[in-house]
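Before any comments, here is the structure.
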Amino acid sequence: MNILVCVKRVPAPGSKINVTSDGMAVDAAHLGFTTSPHEECALEEAVQITERDGGQVTVLTLGPVEAEEQLRYAASVGAHKIILVPTDGSAWDPQRTASALTEAIQTAEEANNQPFELILFGNESADSGGFQVGVRVAHKLGRPIVNAIKGIDPSDCAVTARREIDAGFEVYNVPTPAVLGVKEGINLPRYPTMKGRLASKKAELTNAEITAKAGGQTLVRLHRPAEQASNTEILGTDESAAVAIVDILEEIGVC
Amino acid sequence: MSLLVVLDHDRGTWSEANDEAMTAAHTLAADMGVQIDVALVGDGALDLSGQARAAGAAVVHVANHPMLTDFGPEAVGETIVQLIGAASPDAVMAVGTSRGNEILAQIAARMDLPFVANCMSVTPGDGAWSITRIQWGGSLLEDTTLVTDGPKLLTYGHHAVLAEAAPAPGAGIVEEFTPDLDGSLARTIVVDRDVQQAGVTLSTASVVVSGGRGVGSAEGFEQLEELADLLGGRVGCSRAVTNLGWRNHTDQVGQTGTRIAPEIYIATGISGAIQHWVGAMASKRILAINIDAEANMVVKADYAVIADLHKVVPAITAEIKRRKGL
Ligand SMILES: Cc1cc2nc3c(=O)[nH]c(=O)nc-3n(C[C@H](O)[C@H](O)[C@H](O)COP(=O)(O)OP(=O)(O)OC[C@H]3O[C@@H](n4cnc5c(N)ncnc54)[C@H](O)[C@@H]3O)c2cc1C
Ligand SMILES: Nc1ncnc2c1ncn2[C@@H]1O[C@H](COP(=O)(O)O)[C@@H](O)[C@H]1O
């Protein structure tokens with residue numbers, strides 16, 4: 001099965017998220033970057049499927065040229081081909097992102113002479129969380145899509161997909177070529193091996209220059225939500241604090 | 001002139017998120033100067049028209065079709081698109097549950113319109129609408145403008161609005177609607193359900209005892225299990241723990257895990273990264289047990305013990321047993 005995975009480069013903030021002075025981006029001066037977690041799992045799933053059933057995994061990202069780092073990482077954990085749609089680094093709105101990704105996918109499929117049987121997205125991107133790019137791309141391609149998927153089982157001409165709901169799972173049987181929005185927890189992503197790291201340096205990077213027009217949602221400013229001031233009451237510095245803790249548990253009626 | 005609210009239900013069982021949807025709708029519809037209409041799709045929808053009326057709906061659109069027995073994002077999305085064509089609402093909204101966001105994304109994709117997910121506050125305007133929405137699962141907010149010739153499409157963040165009783169019931173005029181659905185849309189309709197034993201879940205537990213990297217091993221969680229069992233609660237964990245394979249992802253609290261809201265959250269050996277914090281911040285009280293007095297979890301908690309969790313947790317268990325004479 002030939003599978004395409006769309007991943008996004010996002011900063012990895014620690015205890016709080018700082019914003020640049022113009023309010024247009026997360027201040028990443030002192031931060032590392034990572035791949036959005038749902039998408040990391042989507043990639044792992046794609047690699048596991050191709051390891052089992054054969055085929056290739058292609059990873060596509062739209063972002064600044066530095067997003068090559070996330071593509072190389074993808075190659076180090078098993079992706080065969082990597083494609084970058086370079087931007088100037090500004091945040092693209094969901095409609096614009098979806099148009100550009102669709103065009104890049106169509107170009108890649110033409111080069112392959114066949115559609116990707118499966119395209120995986122994250123359920124939502126970790127930073128902007130628009131909950132829509134995958135759905136828009138699937139619709140433009142005329143393919144089925146279901147979100148919130150935590151289980152994928154490919155068979156001939158279809159994939160069985162499991163969606164987590166409150167009391168268990170809903171099961172979908174989606175004909176291929178199909179598109180799915182995947183959630184973290186579907187698997188445990190592997191770490192790159194030394195061999196994988198070396199191979200990733202050699203992976204050939206395709207650049208797909210694409211222009212797409214802005215959509216109707218425009219970023220004005222990012223800001224942090226108001227924080228409640230907290231006055232932490234220190235109950236102790238050793239296990240004798242257990243007495244005070246159980247007093248509290250009794251007081252609030254959970255013990 | 002109307003605001004169309006897409007309500008959720010499961011074969012006729014009203015979703016609690018609908019109460020939030022209607023509360024948000026009352027504010028937005030008043031600001032827009034329009035009436036609230038609702039859409040209920042699928043089997044059992046008609047039974048809910050009374051509830052929709054009580055919640056303030058002027059018109060209750062009930063869409064039914066043999067294909068709409070179970071959820072299917074494409075079939076439901078297409079149904080609402082046809083309803084929009086027939087009823088011409090000025091805006092369409094839902095609550096940003098998993099389904100709510102997916103349905104609105106389907107509508108947006110089909111109509112090629114912008115869609116703003118997980119709004120906190122919405123200020124309608126003649127041209128652009130000014131919206132504040134959630135990024136990073138709630139760790140960051142985005143002010144954004146929405147400009148479109150078509151209906152405005154948006155969801156409110158789940159739990160961003162506190163559900164309130166409707167100011168007054170609506171006229172609740174039921175209008176039944178049969179969409180014209182292509183058979184191919186069956187491709188994304190639920191074919192089966194795998195329903196598991198409910199019981200106390202992480203999201204509904206009144207006590208959550210959570211462990212992070214500081215727990216040190218999968219076995220280290222046994223102490224947390226014992227305490228959680230004693231309190232009728234559940235064990236949670238951080239993403240570091242899930243990634244190490246010590247616990248299943250179903251236990252993970254945070255942006256990409258579960259949002260919890262217990263009476264008390266006992267966070268042990270967890271540093272309190274922002275992505276963990278957003279999943280825990282709705283807890284009524286937080287007790288942090290950490291060797292680092294500067295850890296974000298400690299700084300933000302209501303109570304803290306600065307000590308080794310492996311000493312403190314068994315001591316809490318022992319103290320409870322002592323008091324209960326166990
Ligand atoms: C996009 C994105 C999404 C994410 N989503 C989530 C999410 O949903 N949930 C989540 O949890 N994380 C999430 N993360 C990861 C998050 O950023 C942190 O890496 C993670 O929460 C750290 O876990 P931790 O606190 O267990 O580990 P650490 O940060 O390593 O903290 C360990 C803590 O244990 C304390 N400690 C050590 N030994 C002891 C001891 N013996 N007794 C008491 N205390 C001790 C230390 O002082 C320290 O504070 C996400 C990250 C990204 C980038
Ligand atoms: N810049 C991007 N590059 C590649 N994929 C993306 C990008 N933005 C979003 N996606 C994909 O679309 C999914 C949904 O994104 P969003 O609509 O922003 O929540 C993400 O989980 C990614 O799989």
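The values are calculated or read from the model by the stated rules, or taken from the named source; none is laboratory data. Every value quoted in this text rests on a predicted model; they were computed, and no experiment measured them. Neighbour counts are summed over all protein chains in view; Cβ atoms, including those assigned to glycine, are modelled from backbone coordinates with ideal geometry. These accessible areas exclude ligands, DNA and RNA; they are computed on the full protein's heavy atoms, side chains included. Shrake-Rupley method; radii C 1.70, N 1.55, O 1.52, S 1.80 Å.
What to note about this one:
- For B:F115, the conditions (1) under 29 Å from B:D192 (Cβ atoms); (2) touching a helix residue (DSSP H, G or I) at 6+ places or on another chain (Cβ under 8 Å) all hold with the exception of (1).
- Whichever residue in the range B:135-164 is more than 10 Å from chain A (Cβ to nearest Cβ) and more than 21 Å from B:I103 (Cβ to Cβ) and, among such residues, is farthest from the chain's Cα centre (by Cα): B:E164
- Residue in the range B:230-257 that is nearest to B:E319 (Cα to Cα), counting only those that are among the small types (G, A, S) and within 23 Å of the chain's Cα centre (by Cα): B:G233
- Qualifying positions in the range A:221-255 - under 30 Å from B:L154 (Cβ atoms), without any contact (Cβ under 8 Å) to a residue 40 or more places away in the chain and surrounded by 14 or more Cβ atoms within 10 Å (Cβ to Cβ): A:P225
- Selection count where residues are more than 21 Å from B:T69 (Cα to Cα) and out of contact with any helix residue (DSSP H, G or I) (no Cβ under 8 Å at 6 or more places or on another chain), scope the range A:154-176: 6
- Filter result (more than 6 Å from ligand 2 (Cβ to nearest atom) and crowded, with 24+ Cβ neighbours inside 10 Å) within the range A:114-128: A:F116, A:L118, A:I119, A:L120, A:N123, A:A126
- From B:A54, B:A128, residue being out of contact with any Ser or Thr (no Cβ under 9 Å at 6 or more places or on another chain) and more than 22 Å from A:H38 (Cα to Cα): B:A54
- Annotation: of all residues in the range B:120-163 being among the β-branched types (V, I, T) and part of a loop (DSSP other than H, G, I, E, B), the one that is nearest to B:G279 (Cα to Cα) is B:V161.
- Of all residues in the range A:124-172, exactly one satisfies the criterion of being within 16 Å of ligand 1 (Cβ to nearest atom), more than 8 Å from chain B (Cβ to nearest Cβ) and in a loop (DSSP other than H, G, I, E, B), namely A:S125.
- Among (1) part of a loop (DSSP other than H, G, I, E, B); (2) more than 9 Å from ligand 1 (Cβ to nearest atom), the one test that B:K321 misses: (1)
- Answer from B:A261, B:A288 - the residue that is away from ligand 2 (no atom under 16 Å from the Cβ) and at pLDDT below 95: B:A261
- Just one of the listed residues (A:A148, A:A138, A:A161, A:A203) is more than 16 Å from ligand 2 (Cβ to nearest atom) and of a type outside the set (K, R), namely A:A203.
- Residue match in the range B:192-203 (condition: buried (at least 21 other Cβ atoms within 10 Å of the Cβ) and not assigned by TED's automatic domain parsing to the domain that holds B:I274): yes
- Residue among A:A91, A:A74 that alone is open to solvent by less than 10 Å² (accessible area, probe 1.4 Å) and within 13 Å of ligand 2 (Cβ to nearest atom): A:A74
- Among the residues of the range A:225-255, those identified as of a type outside the set (A, V, I, L, M, F, W, C), closer than 30 Å to A:I17 by Cα and more than 7 Å from chain B (Cβ to nearest Cβ) are A:E227, A:Q228, A:N231.
- Out of B:A86, B:A52, sole residue that is buried (at least 23 other Cβ atoms within 10 Å of the Cβ) and modelled with pLDDT of 95 or more: B:A52
- Residue list for the range B:1-18, filter: farther than 20 Å from A:A167 by Cβ and not in a loop (DSSP other than H, G, I, E, B): B:S2, B:L3, B:L4, B:V5, B:V6
- Index of the failed condition, A:S76 passing every other in (1) on the phi < 0 side of the Ramachandran plot; (2) at pLDDT below 95: (2)
- Filter result for B:E176 (out of contact with any strand residue (DSSP E or B) (no Cβ under 6 Å at 6 or more places or on another chain) and either open to solvent by 60 Å² or more (accessible area, probe 1.4 Å) or away from chain A (no Cβ under 11 Å) (or both)): no
- Residue satisfying all of: in the range A:9-28; open to solvent by 20 Å² or more (accessible area, probe 1.4 Å) and within 10 Å of ligand 1 (Cβ to nearest atom); nearest to A:Q106 (Cα to Cα) among these: A:A12
- In summary, strands (runs of 3 or more DSSP E) completely within the range B:222-309 and bearing 1 or more residues that are more than 10 Å from chain A (Cβ to nearest Cβ) occur at B:234-237, B:264-268, B:285-290.
- When the range B:204-228 is filtered for residues that are open to solvent by 10 Å² or more (accessible area, probe 1.4 Å), at pLDDT 95 or above and under 28 Å from the mean Cα position of the chain (by Cα), the ones remaining, listed by number, are B:S206, B:R213, B:E225.
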